[in-house]
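The values are calculated or read from the model by the stated rules, or taken from the named source; none is laboratory data. Everything numeric in this text was worked out from a predicted model, so none of it was measured. Note: ideal-geometry Cβ built from the backbone for every residue, glycine included; neighbour counts use all protein chains shown.
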Amino acid sequence: MIVIAAKFKVKPGKKHAFMNLAQVVIACSRQEKRCISYNLYVGAEDSDTFLFFEEWESQDAIEMHFKEPHFVEFSLKNKDMIDGKMDVNIYEAERK
């Protein structure tokens with residue numbers, strides 16, 4: 001299993017627009033056959049900080065996800081909403 005943790009900030013005033021886009025990509029991603037989990041968390045101390053936490057069956061599943069129309073559209077539309085660079089960490093884990 002592959003785990004992705006992507007932490008980032010959204011530009012001031014863009015939170016609601018980002019959340020609307022995110023709800024679509026979350027719902028669609030969760031329907032992908034090899035997605036184990038796909039969640040978005042909002043910072044408890046800074047509501048402009050977000051964390052996508054995803055679990056996938058394999059690296060191949062992630063690569064297929066990146067090509068899905070809902071993910072491509074989400075990536076294009078959120079470019080101007082993200083403040084700075086995303087901190088993305090990828091882990092391998094055993095699935096119990």
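Applying the criterion of being within 16 Å of Glu55 (Cβ to Cβ) and acidic (Asp, Glu) to the residues of region 69-94, the residue that is modelled with the highest pLDDT is Glu92.
Determine whether Glu68 is in contact (Cβ under 8 Å) with a residue 24 or more places away in the chain, of a type outside the set (Gly, Ala, Ser) and out of contact with any Phe, Trp or Tyr (no Cβ under 7 Å at 6 or more places or on another chain). For Glu68, the condition - in contact (Cβ under 8 Å) with a residue 24 or more places away in the chain, of a type outside the set (Gly, Ala, Ser) and out of contact with any Phe, Trp or Tyr (no Cβ under 7 Å at 6 or more places or on another chain) - is met. For region 1-20, the tally of residues that are crowded, with 16+ Cβ neighbours inside 10 Å, over 25 Å from Glu94 (Cβ atoms) and of a type in the set (A, V, I, L, M, F, W, C) stands at 3. Filtering Asp80, Asp48, Asp60 for residues that are more than 12 Å from the chain's Cα centre (by Cα), surrounded by 14 or more Cβ atoms within 10 Å (Cβ to Cβ) and charged (D, E, K, R) leaves a single hit, Asp48. Selection within region 63-77: residues that are out of contact with any Leu (no Cβ under 9 Å at 6 or more places or on another chain) and of a type in the set (Phe, Trp, Tyr). The member of this set that is surrounded by the fewest Cβ atoms within 10 Å (Cβ to Cβ) is Phe66. The set of residues in region 26-40 that are surrounded by fewer than 14 Cβ atoms within 10 Å (Cβ to Cβ) and either under 13 Å from Lys9 (Cβ atoms) or touching a residue at least 40 places away in the same chain (Cβ under 8 Å) (or both) is empty. For the criterion of being polar (S, T, N, Q), loosely packed, with under 13 Cβ neighbours inside 10 Å and out of contact with any strand residue (DSSP E or B) (no Cβ under 9 Å at 6 or more places or on another chain), Gln23 fails.
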